[in-house]
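Read-outs throughout are calculated quantities, based only on the coordinates presented, and are distinct from any laboratory measurement. If you're wondering where the values come from, they're calculated on a predicted model, not measured in any experiment. Note: ideal-geometry Cβ built from the backbone for every residue, glycine included; neighbour counts use all protein chains shown.
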There are 2 protein chains.
Amino acid sequence: MLRNQGSRSSHHPSYEMIRDKILNGELEGGTKIVEEKLASELGFSRTPIRDSIRRLEYEGLIVRKKVVSPTEKDLRNLFEVRMLLEGSASKAAATFLSDKELEELKECVDIGRNGSFEEIMSANERFHAIIVNSSNNDVMINIIDRMQSIIYLFRHTVVFYNRPFLIDEHEDIYNAIKERNAEKAEALMQEHLQKDLEFCLHLLQRRQ
Amino acid sequence: MLRNQGSRSSHHPSYEMIRDKILNGELEGGTKIVEEKLASELGFSRTPIRDSIRRLEYEGLIVRKKVVSPTEKDLRNLFEVRMLLEGSASKAAATFLSDKELEELKECVDIGRNGSFEEIMSANERFHAIIVNSSNNDVMINIIDRMQSIIYLFRHTVVFYNRPFLIDEHEDIYNAIKERNAEKAEALMQEHLQKDLEFCLHLLQRRQ
DNA sequence: TTTAAAAATAATGTATACATCAAAATATTT
DNA sequence: AAATATTTTGATGTATACATTATTTTTAAA
């Protein structure tokens, strides 16, 4: 369950413990988060647990002392912002990406075709991370980074249910970037995210 | 020193006290933030002060226990994101804004021409807030809301030094929205923010 | 039986003491 | 005097007790 933890201030181990409990479904959407309960469960005092909860609230994984369960609207909102920001980042990638980074991007595509579940998960995450980082814009990188946890919940779904054409779309984006075609890269990224959104919405509706 | 505090979780009074000390320059960029010092100064214990500091770190007003002093790069990054998000929101405004909200937007323009310093400050903030809210996207609204504090630092500068054409640009944007011309509204908003950026950069350079 | 009030319980907010870590100042050695 | 140890001071991290607020349960009344 890898995640780029950015260059942000260090945090207490309980932060990752709680986050992972949410991401792997041990704490499911709607569960009440009680400080003292987590504190005794994880073997820390309330103080660092409180800090971790605050941080998870900032990231949107906890809302009003409950584990978030994103609605269809939340999902649409999140993807709307992602399309704007990652679309723009894709233009930057087409303009600025070095040969070495292009090579890395290609590797992510290849792992996406042949890797294990966990490998595919982190390759997909890395694919998007390389593109976002190419924006060279810390504000943008931080915003996407803060969305990562919720994005993760859905990326998991998309990979688990083996969404068709996912890797093909990544390859198309990679090719547009390689060709230095900024407009095409942006458009393809936006279409790609739109497909992800539709796939997630589809699953969300079947579940309810 | 008004700010829309969003619909987020309530906070301790010390949060606003510290934030305002930063925004009005009482605590200037680079100042070391010491928990115990603020606690005794403001008359609270360290616990709520710590919370408030964490939140200000999250908003970017405090970085590594110091009051932020945004660099030229920070400014460019922030405005790049604003141009994407507020540009998109302007399209939404042109499409969805009600007559009542249009009227409010017009009032902001009028106050911008005739109001006092404080009135102009909050009218300008309100102008942007109405447009951003019209996106009807909580994720986007929250991102911009979190940027507000740092934006405030610069909006202050822009109004204080009486940037030329600021209100004319607002009026142009208002007219495009009123005409329901989404593409034009987006383009004008982006140009407007680009001008703001250049004006701030200009001042930032003269100061150093 | 339903509703409202009161009491009891649970959870979070706040203060504070102590522990650990980081930085600065002093002392010691070369 | 310069460089390195050592001590001291300062600041943040952590645990915990108490205060306040919110929630639930119980009791009483309609």
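For B:Val63, the residues whose amide H sits under 5 Å from its own are B:Val68, ignoring neighbours fewer than 5 places away on the same chain, with H placed 1.01 Å from N. Once R0 is set to 25 Å, what does the formula 1/(1 + (r/R0)^6) return for the Cβ-Cβ distance between A:His11 and A:Asn181, expressed as a FRET efficiency to the nearest 0.05? So the FRET efficiency works out to roughly 0.05. Couplings 3J(HN,Hα) of region A:132-148, computed from phi: 4, 4, 5, 5, 6, 10, 4, 5, 5, 4, 5, 4, 5, 4, 5, 7, 3 Hz, in residue order, whole Hz [Karplus 6.51 cos²θ - 1.76 cosθ + 1.60, θ = phi - 60°; x for Gly and Pro]. Couplings for region A:172-181, taken from phi via the Karplus curve 6.51 cos²θ - 1.76 cosθ + 1.60 with θ = phi - 60°, read 4, 5, 3, 5, 4, 5, 4, 6, 6, 9 Hz in order; Gly and Pro are left as x.
Under 5 Å between amide hydrogens, built in the peptide plane, is the criterion, and for B:Ile33 it picks out B:Lys66, B:Val67 among residues at least 5 positions away or on other chains. Rounded to the nearest Hz, the phi-derived 3J(HN,Hα) couplings of region B:164-170 under the Karplus curve 6.51 cos²θ - 1.76 cosθ + 1.60 (θ = phi - 60°) are x, 6, 3, 6, 4, 5, 4, where x marks glycine and proline. Shape analysis of region B:63-141 places it in the oblate category; the axes a ≥ b ≥ c from the Cα gyration tensor give an a/c of at least 1.5, with a/b not above b/c.
Among A:Met189, B:Met83, sorting on how many other beta-carbon atoms sit within 10 Å of each Cβ, with the fewest leading, yields B:Met83, A:Met189. Assuming R0 = 41 Å, can you tell me the calculated FRET efficiency for the pair B:Phe96 and B:Glu28, based on Cβ-Cβ distance, to the nearest 0.05? Result of the calculation: an efficiency of 0.50. Counts of other chain beta carbons within 10 angstrom of each beta carbon in peptide A:80-87 average 4. If you sort the three axes of the alpha carbon gyration tensor as a ≥ b ≥ c, you get a/c of 1.5 or more for region B:96-174 and a/b no higher than b/c, which makes it oblate. As a proxy for reagent exposure, ranking A:Met17, B:Met147 by other Cβ atoms within 10 Å from fewest up yields A:Met17, B:Met147.
Please list, by residue number, every one of the GluC sites (Glu not before Pro) in region B:109-179 that is coil in DSSP and has at most 16 other beta-carbon atoms within 10 Å. Within region B:109-179, the qualifying GluC sites (Glu not before Pro) (loop, at most 16 other Cβ atoms within 10 Å) are B:Glu179. Taking other C-beta atoms within 10 angstrom as a stand-in for reagent exposure, A:Ser88, B:Ser98 fall in the order B:Ser98, A:Ser88, fewest first. Mind running the shape call on the protein assembly as shown? Use the C-alpha gyration tensor, a ≥ b ≥ c as the square roots of the eigenvalues: rounded below 1.5 for a/c, prolate if a/b tops b/c, oblate otherwise. Because a/c hits 1.5 or more and a/b fails to exceed b/c, the protein assembly as shown counts as oblate. Loop by DSSP (not H, G, I, E, B), at most 14 other beta-carbon atoms within 10 Å: where is the longest site-free stretch of chain B for chymotrypsin sites (Phe, Trp or Tyr not before Pro)? Between the exposed loop sites, the longest stretch runs B:1-160.
For region B:1-103, GluC sites (Glu not before Pro) are listed when DSSP marks them as loop and at most 15 other Cβ atoms sit within 10 Å of their Cβ; the list is B:Glu26, B:Glu28.
Between copies, the label points of B:Glu191, set 7 Å from Cα on the Cα→Cβ line, lie 3.2 nm apart, reported in increasing order to one decimal in nanometres.
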